[in-house]
């Protein structure tokens, strides 16, 4: 049995998504700008896919959504635009992100800093989330942007983006959130919390990697840095459009909305079962367990064992899990979850996480529990970890 | 019969390319960074795809190649990098492109100009190509980059990139060329003409849109602007990698090399046949017919008829062709081919082009000739164009 539980990094493409994409991979189709039948048909398909994004995000008609190549581009393009349009002109001089923002946001921010922009990283509290109040320590009239992801893909913790958006709105600072790990896992309605920008990549919602989208509130002026867009089809991003991907992303978002209840109940049940089984094991500490989390994710720190070794051993047993990133991005590092939670610093090398999907089965979870227990027993027989009986703790 | 002859804009995905991609669309696969079996297998597949790019470009081992999301990103990322690394620092202050560069390059250059950079557009001569000698009019010690595409996708004319590269090398200015429309149509060996940068998108070589690559000579310092890459897998571009696309691009490049002879002989024969049949018709002028052209392309100006009308009528007959872009990009415009060739300015609205592929058949060309003749006769019956008998010309 091969159990894939690394779905916060990369999901399997949903067969229905692939079916939707296939016409554009199996048959010739036209460019959106082409003046012939296939071009016209492509424009129709493009509009249908775009409609699905509006529906999936509950985006108002007057807002803008455009397709991109995914998360790294979303974040990079946003930061380069902010940089060229606001920082360089001297209108703004600082940027606020989370100390747990992703690699693209982190490295982009580091670049802006190298160009003279001040970057503040909002700390994450003991629940693994950004405390909205902490914004007051950094917001200034010259803040160009606040960016906090909706969900931490390693811990699964849900950031209070409603409150953060509210504060940003009050201080008239644009607020961006990455929704990649929230879609299909928690309800999402852009009109409810009204971010200025929201973006996501398809890789975590059962669409292929290499396609994504950006939502812009109608008042937000996006400065394109992937040049060559010719309106109205491509909007803010040069082409040619990845139409197969766009259609796939539309379908994936539609399916994510349809599956929301399932993820919030059935997938959550499976996750909880996994968590309950493993948390009773000696030295196995569930992280941010009491915080608001997405229903598919559980992250543990395991005393005395290294992540790589655990992953290796789990993999031998047919279970594909993940560990938290610890390598730095240049001089910068995403702050380790364990450190943010105030745990023993050594534990940052001892995490192991499981990210389920709507395709995860009961049998797979049973197998995972069994494999984890065997792994623990086997590796502990080599390790210096000493089990302290509960009564002595 | 539906004949697709708009292959310089978008090609059909080759069935073999799709087969190569399918494992990554049908099965779960791992992220390149993941520490489990699927991650390891993805890394292997990634390296195989990368190998195919090295082979297809004849790239030396010490050079770098990385995957991107395609042409628009290639050009935008390059220009933003040049801008941040060279222009802003005051080390360089100008950029040289072609007056026939594509939308992304044109709009990116326009952005750099708005930020104080000087942009020179190399004129295109009567053969539809950039005269290398014209570089001497613009090259200065503060030129940051020269970018000229290998092939003009509208006319099919082949730019003398060897000579341009040679001049750039002599003056120590980095030279970039877009190879998108050259791959699989003319021999390409980066070691033979030694550009500093060469890039391409998959859409014109029977790979899907949304995937591309950038080749860097070992001495060239690429400044990444799609942030978040974690070496050695992603190299200069943040992820997650579109692995299905990367594998597809590798396969497409392999097939392009295999099909080169076929394109240069069989496809050329079909193109020539189409050209011979149509050029004898009254007021139908083949453009850059005597220049060095890629074997799949023929472009005409048709006196007295508008492009849109011709495309509409051809499409009704089942033939999907293209016309030259005439709409401006913001204030800038790619110079119309007809204008560059010194033809009557009105002809810029009267072009119609046919771009074949290795999938084009003899029957399709016969159908195209027939449809074109009918179109011409039908539309001319409405137009004010008067045929001047040959002996009176």
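Throughout, read-outs are computed from the coordinates displayed, never taken from laboratory work. Treat the numbers as computed from the prediction; the structure is a model and nothing was measured. Cβ: placed from backbone, ideal geometry, glycine included. Neighbour counts: every protein chain shown.
Remarks
- Modelled spin labels at residue B:113 and residue A:171, positioned 7 Å past Cα toward Cβ, are 3.9 nm from each other.
- Cα-based helix-to-principal-axis angle, B:103-114 vs chain B, degrees rounded to 10: 70
- Alpha-carbon centroids, segment B:84-148 and segment B:239-309: separation in whole Å: 27
- Between 0 and 90°, nearest 10: helix A:243-258 axis offset from chain A longest Cα axis: 60
- Gaussian network model of chain A, springs between alpha carbon atoms under 10 Å - residue of A:238, A:184, A:156 with greatest fluctuation: A:238
- Cα gyration tensor, segment A:188-232 - rounded (a/c under 1.5), prolate or oblate: oblate
- Considering helices alone, the calculated mean residue ellipticity of the protein assembly as shown at 222 nm is -10500 deg cm²/dmol, with DSSP H runs of length four and up weighted by -39500 (n - 2.57) and normalised per residue.
- Projected label distance in nm at residue B:262 and residue A:312, using a 7 Å step from Cα toward the beta-carbon: 4.7
- DSSP bridge analysis restricted to the protein assembly as shown gives an antiparallel fraction near 60%, rounded to the nearest 5.
- Bridge orientation summary for segment A:131-258: considering DSSP beta bridges with both residues in this region, about 55 percent are antiparallel.
- Residues considered: A:42, A:114, A:69. Largest GNM mean-square fluctuation over chain A, using C-alpha springs under 10 Å, is found at A:114.
- Of all DSSP bridge pairs formed entirely within segment A:15-257, close to 50 percent run antiparallel.
- The simple Förster model, with R0 at 30 Å and r as the Cβ-Cβ distance, assigns residue B:373 and residue B:126 a FRET efficiency of 0.60.
- Restricting the calculation to Cα atoms, chain A shows an Rg/Rh of 0.99 when the hydrodynamic-style radius is the Kirkwood one.
- When B:236, A:138, B:83 are sorted by how many other C-beta atoms sit within 10 angstrom of their C-beta, beginning with the fewest, the order is A:138, B:236, B:83.
- Of B:267, B:371, B:297, the one that fluctuates the most in a GNM where chain B has Cα springs shorter than 10 Å: B:371
- Ordering B:77, A:199, B:357 by the number of other Cβ atoms within 10 Å of each residue's own Cβ, fewest first, gives B:357, A:199, B:77.
- Förster-model FRET efficiency, 45 Å R0, residue B:16 and residue A:335, C-beta, rounded to 0.05: 0.45
- Taking Cα atoms only, the orientation of helix B:161-170 departs from the longest principal axis of chain B by about 50 degrees.
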